[in-house]
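Shown next, in structure tokens, is the structure this report addresses.
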Amino acid sequence: MGIFDSLFGKKNGVQNVSIAPILPQEIYEAGILELKDVIAPSALKVSPRELNLGDKICRSFFVISYPRFLTESWFAPIINIDKVFNISIYIHPIDTATVLRQFQKKVAEVQSQIVERERKGLVRDPMLDTAYQDLEGLRDQLQQAQEKLFEVGLYITIYAEKETELDKIESEIKSILESKMVYIKPALFQQEQGFKSNIPTASDELLVHSKLNSAPLSSLFPFVSFDLTSDKGILYGVNRHNASLVLFDRFSLENYNSITFAKSGSGKSYCTKLEILRTLMFDTEIIIIDPEREYEFLAESVGGKYFNISLNSEHHINPFDLPPIQEDESPADVLRSNIINLVGMFRIMMGGLTSEEDAIVDRAITETYALKDITPDSDFSGIDAPLLSDFELVLAGMEGGESLAQKLTKFTKGTWAGFINRPTNVDINSKLVVFSLRDMEEEIKPVAMYIVTHHIWTVVRKNKRKRLLVIDEAWLMMKSDDTASFLLGLVKRGRKYGLGIATITQDVDDFLKSQYGLPIITNSSMQILLKQSPTSIDKLQQIFHLTDEEKYLLLESQIGEGIFFVGLKHVAIKIIASYTEDQIITSDPFQILAIKEAQRAKIGQ
């Protein structure tokens with residue numbers, strides 16, 4: 001019988017082949033990928049000094065020696081180093097009774113050496129005396145249960161793509177540790193065991209330990225790098241020190257306001273638009289005052305409303321509109337507050353008012369409202385507000401008001417009449433609303449910002465919802481005390497109505513020259529400092545109490561990098577967006593043009 005006969009058997013001269021059927025379940029299970037198959041490298045090469053894991057090289061080290069004293073956070077520079085690495089700390093408790101027996105023997109040995117040197121008349125050995133004192137002190141603490149002793153293994157595995165880069169990282173880590181008198185060695189011919197000891201399997205295969213008591217062991221606590229995050233909110237960026245996520249919900253803070261300082265081109269609008277895009281996912285309404293038409297594409301992308309405010313615009317806002325009366329307010333208070341705001345607006349429009357003119361304007365506004373039966377004692381809800389031309393007529397008929405009425409002519413009959421001398425036809429009932437002021441004349445742009453902001457405040461008070469008001473280029477509002485005072489009022493009172501104010505500016509000097517600049521900063525729970533210019537960095541260092549290292553970090557930051565503050569805590573941050581987000585929020589005009597051309601081409605197909 002041949003080999004096939006022996007394998008399969010033969011009956012009556014006919015080959016009898018019997019093959020067990022393969023079940024579909026077995027075929028399925030043979031093709032299942034386990035987690036280890038997914039995460040395993042494509043190839044592995046073990047050498048005496050490193051491991052080659054596919055396209056990465058790794059090298060493992062262990063700590064062999066510590067100094068006599070370990071200071072708090074001595075390990076922080078290694079944890080926060082901007083490299084790819086793994087750290088494992090294995091802590092094996094030692095039985096105190098066993099340790100005390102060993103200590104008793106060791107103390108006796110050291111003491112006998114000291115006595116023997118004294119008997120021979122030799123000079124006192126400071127090292128022996130110090131060792132004796134340390135042993136006795138630790139033995140007392142162990143005896144009193146104030147300390148415990150542990151076998152501690154500290155292992156580090158570093159990663160790089162090239163061996164030269166690996167050597168550079170090794171040199172950097174060694175220099176940091178050796179400056180603290182902590183010495184490491186590579187796990188020669190034990191790289192496989194070193195790598196396994198540094199993966200999340202909690203398997204100590206190197207077994208290179210040092211004895212540490214509780215106090216120095218606590219200094220090894222790894223989570224000393226500062227994190228600034230909460231358990232809910234949106235992602236603002238990545239912590240540049242340890243790559244942790246900076247997550248925050250501005251509506252969970254003491255107030256909902258933020259302020260962003262950055263030089264032109266450093267990514268402040270990009271950062272703001274990214275926050276807006278992510279905030280929209282949490283049922284928050286966003287209103288934006290856009291002086292440079294940077295948010296138009298964002299509004300189009302998310303289906304928001306976009307109002308182009310200009311002298312020839314079809315969109316109008318009547319500054320005499322009154323907010324509804326809340327339950328905790330009286331009609332007299334609402335009317336008085338609105339009259340004060342209007343006096344501030346006319347002060348800006350007319351280039352300033354004397355005290356006499358101020359009083360005339362105040363009285364004229366009151367009489368203008370009275371013509372429409374709007375008085376402190378009446379219920380004026382549902383009554384149409386007067387127009388600017390009504391105010392002009394009242395002012396012209398008052399003693400001393402003729403010259404003021406003349407100044408208003410250009411707003412009521414001149415080229416600027418179409419802007420504010422008509423009833424309001426702007427509806428901001430949308431998840432995202434943008435007011436663009438780019439096409440507004442520079443001379444009247446501060447007035448326009450004031451009127452738009454005042455209108456937003458009127459609507460906000462009407463319906464309490466979670467809203468975010470973004471004021472870009474806020475330095476325009478800081479030019480006048482009236483607009484700056486109104487902005488500070490919004491910052492202070494917004495929380496009561498569920499409103500957060502995001503103030504953004506590139507002109508730090510103009511913003512801080514105003515007496516209202518610093519109060520706006522102090523009333524903002526969140527502050528973001530991106531790349532700064534040398535001319536403004538000293539002021540910011542003083543206001544935010546920056547160290548010299550943080551000062552230079554802001555000067556040398558790349559686009560989208562800076563410092564993120566919440567209260568007294570702050571971290572270095574890098575703003576990161578996904579590809580899809582980047583396509584929506586980019587401020588690069590060439591990139592926006594390319595996106596629009598691609599969209600037109602897709603529609604044409």
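With (1) on the phi > 0 side of the Ramachandran plot; (2) under 33 Å from the mean Cα position of the chain (by Cα); (3) modelled with pLDDT of 85 or more as the list, and F189 as the residue in question, which single condition is left unmet?
Status for F189: all satisfied but (2).
Out of all the residues in the range 423-442, is one or more within 20 Å of D482 (Cα to Cα), in the same structural domain as D290 (by TED's automatic domain parsing) and not charged (D, E, K, R)?
Checking the range 423-442: at least one residue is within 20 Å of D482 (Cα to Cα), in the same structural domain as D290 (by TED's automatic domain parsing) and not charged (D, E, K, R).
Scanning for something in contact with an Asp or Glu (Cβ under 6 Å, 6 or more places away or on another chain) and outside the structural domain of E443 (by TED's automatic domain parsing), does the range 317-339 turn up at least one residue?
Within the range 317-339 (the criterion being in contact with an Asp or Glu (Cβ under 6 Å, 6 or more places away or on another chain) and outside the structural domain of E443 (by TED's automatic domain parsing)), the answer is no, since none of the residues qualifies.
Within the range 579-596, can one find any residue that is in a loop (DSSP other than H, G, I, E, B), surrounded by 13 or more Cβ atoms within 10 Å (Cβ to Cβ) and of a type outside the set (S, T, N, Q)?
So far as the range 579-596 goes, no, none of its residues is in a loop (DSSP other than H, G, I, E, B), surrounded by 13 or more Cβ atoms within 10 Å (Cβ to Cβ) and of a type outside the set (S, T, N, Q).
For residues that are of a type in the set (V, I, T), surrounded by 15 or more Cβ atoms within 10 Å (Cβ to Cβ) and not in a loop (DSSP other than H, G, I, E, B), scanning just the range 360-409, find the one that is farthest from the chain's Cα centre (by Cα).
Looking at residues that are of a type in the set (V, I, T), surrounded by 15 or more Cβ atoms within 10 Å (Cβ to Cβ) and not in a loop (DSSP other than H, G, I, E, B), I get V394.
Determine which single condition R347 fails, assuming it passes every other condition in (1) out of contact with any Pro (no Cβ under 9 Å at 6 or more places or on another chain); (2) charged (D, E, K, R); (3) surrounded by fewer than 15 Cβ atoms within 10 Å (Cβ to Cβ).
Only one criterion is unmet by R347, namely (3).
Identify, from the list Q532, Q527, the residue that is assigned to a loop (DSSP other than H, G, I, E, B) and closer than 15 Å to F261 by Cα.
Checking each option against the conditions leaves just Q532.
Determine, yes or no, whether S430 is closer than 24 Å to T272 by Cβ, surrounded by fewer than 20 Cβ atoms within 10 Å (Cβ to Cβ) and at pLDDT 85 or above.
Yes, satisfied.
Against the conditions (1) in contact with a helix residue (DSSP H, G or I) (Cβ under 7 Å, 6 or more places away or on another chain); (2) surrounded by 19 or more Cβ atoms within 10 Å (Cβ to Cβ); (3) within 22 Å of D482 (Cβ to Cβ), where does R467 fall short? Just the number, please.
All conditions are met except number (3).
Considering only the range 48-150, give the helices (runs of 4 or more DSSP H) lying wholly within it that have at least 2 residues that are at pLDDT below 75 and basic (K, R).
In the range 48-150, the matching helices (runs of 4 or more DSSP H) lie at 96-120.
Per-residue answers, yes or no, for (1) aliphatic (A, V, I, L, M); (2) on the phi > 0 side of the Ramachandran plot:
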site	(1), (2)
C271	no, no
E300	no, no
I325	yes, no
M345	yes, no
G351	no, yes
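For the range 299-341, enumerate the residues that are hydrophobic (A, V, I, L, M, F, W, C), in a loop (DSSP other than H, G, I, E, B) and closer than 30 Å to K273 by Cβ.
If the condition is that a residue be hydrophobic (A, V, I, L, M, F, W, C), in a loop (DSSP other than H, G, I, E, B) and closer than 30 Å to K273 by Cβ, then I309, L311, I317 are the ones that fit.
When only residues in the range 539-550 that are farther than 15 Å from G562 by Cα and in contact (Cβ under 8 Å) with a residue 12 or more places away in the chain count, which is surrounded by the most Cβ atoms within 10 Å (Cβ to Cβ)?
The selected residue is I543.
Would you tally the residues in the range 297-344 being in contact with a strand residue (DSSP E or B) (Cβ under 6 Å, 6 or more places away or on another chain) and crowded, with 16+ Cβ neighbours inside 10 Å?
Residues that pass the stated criteria total 8.
Do you know which residues across the range 197-220 are within 18 Å of S65 (Cα to Cα) and under 35 Å from the mean Cα position of the chain (by Cα)?
Listed by number, the residues that qualify are A215, P216, L217, S218, S219, L220.
So which residues in the range 534-592 are more than 23 Å from N80 (Cα to Cα), in the same structural domain as S264 (by TED's automatic domain parsing) and polar (S, T, N, Q)?
The answer is T535, S536, Q541, Q542.
Being over 16 Å from I317 (Cα atoms) and aliphatic (A, V, I, L, M) narrows it down to one of L437, L432, so name that one.
Only one candidate qualifies: L432.
Pull up the range 552-572, narrow it to residues that are within 18 Å of the chain's Cα centre (by Cα) and not in a strand (DSSP E or B), then point me to the one that is surrounded by the fewest Cβ atoms within 10 Å (Cβ to Cβ).
The extreme case among them is L568.
Check L353, L342, L311, L280 and return the single one that is in the same structural domain as N463 (by TED's automatic domain parsing) and more than 37 Å from the chain's Cα centre (by Cα).
L311
Restricting attention to the range 517-531, report how many residues are buried (at least 21 other Cβ atoms within 10 Å of the Cβ) and over 20 Å from the mean Cα position of the chain (by Cα).
1
In a helix (DSSP H, G or I) and either over 14 Å from S214 (Cβ atoms) or at pLDDT 90 or above (or both), is that true of K168?
Yes; evaluated as a whole, the condition is true for this residue.
Taking E473, is it free of Cβ contacts under 8 Å to residues at least 40 places away in the same chain and charged (D, E, K, R)?
no
Is it the case that K45 is farther than 15 Å from L154 by Cβ and in a strand (DSSP E or B)?
Considered against the rule, which asks whether it is farther than 15 Å from L154 by Cβ and in a strand (DSSP E or B), K45 comes out as yes.
How many residues does the range 366-395 contain that are within 17 Å of A332 (Cα to Cα) and either touching a residue at least 40 places away in the same chain (Cβ under 8 Å) or polar (S, T, N, Q) (or both)?
Going through the range 366-395 one residue at a time, the tally reaches 12.
Does S514 count as of a type in the set (S, T, N, Q), assigned by TED's automatic domain parsing to the domain that holds P291, closer than 30 Å to E443 by Cα and out of contact with any Pro (no Cβ under 7 Å at 6 or more places or on another chain)?
Answer is yes for this residue.
The values are calculated or read from the model by the stated rules, or taken from the named source; none is laboratory data. Fair warning: this is a prediction, and the values are worked out from it, not measured in the lab. No Cβ is skipped: glycine too gets one built from the backbone with ideal geometry, and neighbour counts run over all protein chains shown.
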